[in-house]
1. Quick one: which of Lys472/Lys582; Lys553/Lys584; Lys550/Lys609; Lys257/Lys362; Lys257/Lys369; Lys78/Lys109 span more than 22 angstrom between C-alpha atoms?
2. Among Asp559, Asp618, rank each residue by its count of other Cβ atoms within 10 Å, from fewest to most, as a rough exposure measure.
3. Working out 0.36 nm times the residue gap between Trp459 and Ser397, then minus their Cα-Cα distance, what length gain in nm do you get to one decimal?
4. Evaluate the relative contact order of region 5-199 (contact order divided by residue number), counting alpha-carbon pairs under 8 angstrom at least 6 apart; express in whole percent.
5. What percentages make up the Cα-Cα pair-distance distribution of region 560-651 when the bins are 5 Å wide from 0?
6. If neighbour count is taken as other Cβ atoms inside 10 Å, put Met596, Met332, Met430 in order from fewest to most.
7. What size of dipole, in debye to the nearest 20, comes out for the chain about its Cα centre when the only charges are +1 on Lys and Arg C-beta atoms and -1 on Asp and Glu C-beta atoms?
8. How much mean residue ellipticity at 222 nm does the chain get from its helices, if each DSSP H run of length 4 or more adds -39500 (n - 2.57) and you divide by all residues, to the nearest 500 deg cm²/dmol?
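Derivation of every value follows stated rules applied to the coordinates shown; laboratory data play no part. All values reported here derive from a predicted model rather than from experimental measurement. For neighbour counting, all protein chains shown are included, and Cβ atoms are generated from backbone atoms with ideal geometry for every residue, glycine included.
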Amino acid sequence: MASNYDKICEENRSRYGTEGAKKSGGLAAGLYDDRTHFIFELLQNAEDALGRRENWAGPRTVSFHLDQNKLTVAHFGKPFDEGDVRSVCDIAESTKKESAIGRFGLGFKSVYTITDLPEIHSGDEDFAIDEFVFPKKINQTSRHADETQIVLPLRSGDAALGLDIIQGFQRLGPGALLFLRNIEEINWSDHGGASGFYMRNPPDILGPNVRRISLIGHETGQDEVDQSWLVFHREVFTDEQNPAGRVEIAFKIVPPKESSGRWVVQPLSTSPLVVFFPTIVETHLGFLVQGPFRTTPSRENIPPGDAWNQHLVAETCTLLGQALVWLRDQSMLDVSVLRCLPLDSGKFSVGTRFRPVFEAVKKLLKTEKLLPTSHGEYGSATEVKLARTQDIRELLSPKQVAALFGANFQAWLSGEITLDRAPDIRQYLMRELGIDEIRPETLLPSLTREFLAAQSDPWVVKLYEFLSGQEKTLRRHLDAVPFIRLDDGSHVVARENGKANAFLPSSIATSFPTVRSAVCATPELRQFLISLGITEPDPVDDVVWNVLPKYQKDEVDVDEEAYTQDIQRILTAFSTDSASQKEKLRTALRDTNFIMVVDAGDGKPYIAKPGDVYIATDRLQQLFSGVAGVFIVDNDYACLRGEDIRDLLVSCGASRYLVVEQVASALGHSEKERIRREAGLERASWEEAPDELAPFLTGHLGMTMEA
């Protein structure tokens, strides 16, 4: 039996008055910026009606058909009863449970953006609603016995209305079905032939609170849409522990490319908060959040300070943690999932709606093993590190990293998390979670002698290969790293004070410190070591390493025979064709007391550096005879006589002529000029003595002494 519409009209007229009803209804209808918002409201009503129709095995479809003059909406939800009639004719009354989607009376008023006299045909009820709140009986339509029809005669004189409604349908897309549990299909059509349908397949149950939902859709002139979503849910309750629905999060997923592969999460570029249908609230997450949030009257926004909404955000945080654990256990928690998380603190500033999600994720990643590692496992932020390059991940095992950096290190993070491939994730991990990134320039100073000595020969080979592939600018960091492994297993730096500390193995046995053959067995390894100044030993190296050290002590004790052999080895080395090796020898000789000399004053023997001695020419010996403190090469040593040794000594700083030292003079200009002229040295000046001055003085003084 139909409701008593006249009685309801009388009650509403008594409650609102005719003018009050118009005013209140008009305000309610004017809440919506988008005049096609009514499509969502009608879908919400249909979803709730189907949910209230227990054990219904018939169609779960909602259909929209647009004629030139009206829009007809049909579904098979629970037929209207008097309570529903009263609710839909009220401004705020509702017969819905707390877990239902929306408010029947207020939400339905959104249809007044396109019509002035909506009609409802359901069960025994056939009525139109006049002036927002006054039902009146109308003729029954042709429909199925279990069908509900809502007919909305279009407001006349609005040429754009039909196009707006079609665009409203198109904005639905398959995603409109994602969080619904009762509607399985939505279809629409218009009198011009355009149409669309969206369908939700029965969900695949993957766990107690996990479902995979497949959606398909097609619109006239468009390609078919096929979407898959991984949806997690968590039941929520009021303070009185009454069921209030569920919070849900949905990750968009794409199927594996191979039959044996895993589904892959695809981050969303935009993610409006969903209260069964999208609101205008952007979550800035890479997945959708849905729940029975308390909305503003227009249902487009949510009050941020509302206690119930804050409770639902907290429940969402808990659900997200459960979802991440599930994804990890299914080996689906990869870099694409991390991209879905709240990474940019600027979008989740303190006091904003979803800041709790940012904080909850940060805590989870620090304490739970949820970060993907390079070996397909997972670790917490305290157990992992970033590696700047793949070479570092391949070079250092977790045990080695722990030994180097003293950390509770378990694994390297996934190689997909780099500055180039995932800069946002890398920055978040370093800035928010305090995870270190190991780079070549930070690694090298940590390579201690003790650590290197404990590594195997094959690992040292890997180290050399790693170092050889680095930029040359990194080479300066090697100066203090004792990474050269010698035959005896000890380690030294490559060079010290300009001198190589080791040599490559050669075809002859030597007493030099030699690089272990196992770590320089390939041409590439040898070339790397050569680039560091480590070469096979030659006569120059023999002198530098084996001869000169005995003369660099505080006291030199060597007999004449050994000394003669040493001088011969020095002469042999000095004959090298290599300019760099000759200079290397010359530099070493200049700093070594290896020349046997006598003091010209008392004839006592000494040993001196080349720069402190004179060659033992007859004229210099006569010139300095009896002059104390002047060192002259000791001619009693046959090995120090002859032009070859003299040339070597002069090359290293010894002098064949008198060493001229410029001093200030008190003579006047004319006197200096006269002296220069008489000496035949007109070109000499205060600033620079001529090249021939020293030999001239030596020869002149020598001749004077002979006379």
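1. Lys472/Lys582; Lys257/Lys362; Lys257/Lys369
2. Asp559, Asp618
3. In short, 21.3 nm is gained.
4. After rounding, I find 27 percent.
5. Once binned at 5 Å, the Cα pair distances of region 560-651 give 3, 14, 24, 25, 17, 11, 5, 2, 0.
6. If I rank by nearby Cβ atoms, fewest first, I get Met430, Met332, Met596.
7. 1600 debye
8. -9500 deg cm²/dmol
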